[in-house]
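Each remark here refers to the structure printed beneath this line.
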Amino acid sequence: MNKAVIEFSSRAENVAFARVAVTAFVSQLDFTLSELEELKVAVSEAVSNAIVHGYASDPDQNVRLEIRVADNYLEIETIDTGRGIDDIAKALEPAYSTDPERMGLGFAFMQSFMDKLDVKSEPGRGTRVKMVRKVRAPGRAAVREH
């Protein structure tokens, strides 16, 4: 297994950093440009959720990003120690948001672009979002499970 762990300030400009970091780390894998775009969207949504919802955009907090690559899967996990989610099932519903300025499609995008999404949260203690995507053997078509 190959892994990277990055921790950065809870600032909106670091969403782009997280996208680039994940893309650079997985460049060793046989993803198409379209698949890399999907990964970047999923990472953007997960990191944005931590910043906007977890920390209420408090730049003095930190988001942790863990990336793991094994033989047949990629795992990306975002971790915050912010507000947490009161009702995970409700939060996973498309178009649900606690912020009326947001579209509430973050988790829907993550579910759509990844093979597995696991959200663990405790109010007042933070949230862990784990996203898993199968990795194909070089030169073979991607295998997706939905």
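The values are calculated or read from the model by the stated rules, or taken from the named source; none is laboratory data. Keep in mind the model is a prediction, meaning the values are calculated, not measured. All Cβ positions, glycine included, derive from the backbone under ideal geometry; neighbour counts span all protein chains shown.
ALA50: at pLDDT 95 or above, closer than 20 Å to SER121 by Cβ, touching a helix residue (DSSP H, G or I) at 6+ places or on another chain (Cβ under 8 Å) and among the small types (Gly, Ala, Ser), yes or no?
So ALA50 does not fit the description; no.
Would you point out which residue out of VAL41, VAL63, VAL22 is in contact with a helix residue (DSSP H, G or I) (Cβ under 6 Å, 6 or more places away or on another chain) and surrounded by fewer than 18 Cβ atoms within 10 Å (Cβ to Cβ)?
VAL41
Return the residues of the stretch 20-49 that are touching a residue at least 60 places away in the same chain (Cβ under 8 Å) and among the acidic types (Asp, Glu); say none if nothing qualifies.
Correct list: ASP30, GLU35, GLU38, GLU45.
Has the stretch 91-108 got at least one residue that is at pLDDT 95 or above, closer than 13 Å to ALA46 by Cα, buried (at least 16 other Cβ atoms within 10 Å of the Cβ) and under 15 Å from the mean Cα position of the chain (by Cα)?
Restricting attention to the stretch 91-108, the residues satisfying the condition of being at pLDDT 95 or above are none.
Taking every residue of the stretch 91-108 in turn, none turns out to be at pLDDT 95 or above, closer than 13 Å to ALA46 by Cα, buried (at least 16 other Cβ atoms within 10 Å of the Cβ) and under 15 Å from the mean Cα position of the chain (by Cα).
Need the failing condition index for ALA56 against (1) at negative phi; (2) surrounded by fewer than 19 Cβ atoms within 10 Å (Cβ to Cβ); (3) modelled with pLDDT under 95, just the number.
(1)
Exactly one of (1) farther than 17 Å from ARG136 by Cα; (2) touching a Phe, Trp or Tyr at 6+ places or on another chain (Cβ under 7 Å); (3) assigned to a helix (DSSP H, G or I); (4) touching a residue at least 60 places away in the same chain (Cβ under 8 Å) is unmet by PHE17. Its number?
PHE17 satisfies all of (1) farther than 17 Å from ARG136 by Cα; (2) touching a Phe, Trp or Tyr at 6+ places or on another chain (Cβ under 7 Å); (3) assigned to a helix (DSSP H, G or I); (4) touching a residue at least 60 places away in the same chain (Cβ under 8 Å) except (4).
So if I check each of THR78, THR32, which one is of a type in the set (S, T, N, Q) and touching a Leu at 6+ places or on another chain (Cβ under 7 Å)?
Step by step, each of THR78, THR32 is checked, and only THR78 is of a type in the set (S, T, N, Q) and touching a Leu at 6+ places or on another chain (Cβ under 7 Å).
Find all pairs meeting these conditions: Cβ atoms under 6 angstrom apart; at least six residues apart or on different chains; first residue within the stretch 120-133 and in contact (Cβ under 8 Å) with a residue 60 or more places away in the chain; second residue charged (D, E, K, R).
Close Cβ pairs (under 6 Å, with a partner that is charged (D, E, K, R)) amount to GLY126/ASP80; THR127/ASP80; ARG133/ASP115.
What number of residues within the stretch 117-146 satisfy the criterion of being modelled with pLDDT under 95, of a type in the set (Lys, Arg) and surrounded by 12 or more Cβ atoms within 10 Å (Cβ to Cβ)?
Residues meeting the conditions: 3.
Looking at the stretch 66-85, can you tell me whether even one residue there is among the charged types (D, E, K, R), at pLDDT below 85 and surrounded by 12 or more Cβ atoms within 10 Å (Cβ to Cβ)?
No, the stretch 66-85 contains no residue that is among the charged types (D, E, K, R), at pLDDT below 85 and surrounded by 12 or more Cβ atoms within 10 Å (Cβ to Cβ).
Report, by residue number, each residue of the stretch 2-14 that is charged (D, E, K, R) and without any contact (Cβ under 8 Å) to a residue 60 or more places away in the chain.
GLU7, ARG11, GLU13
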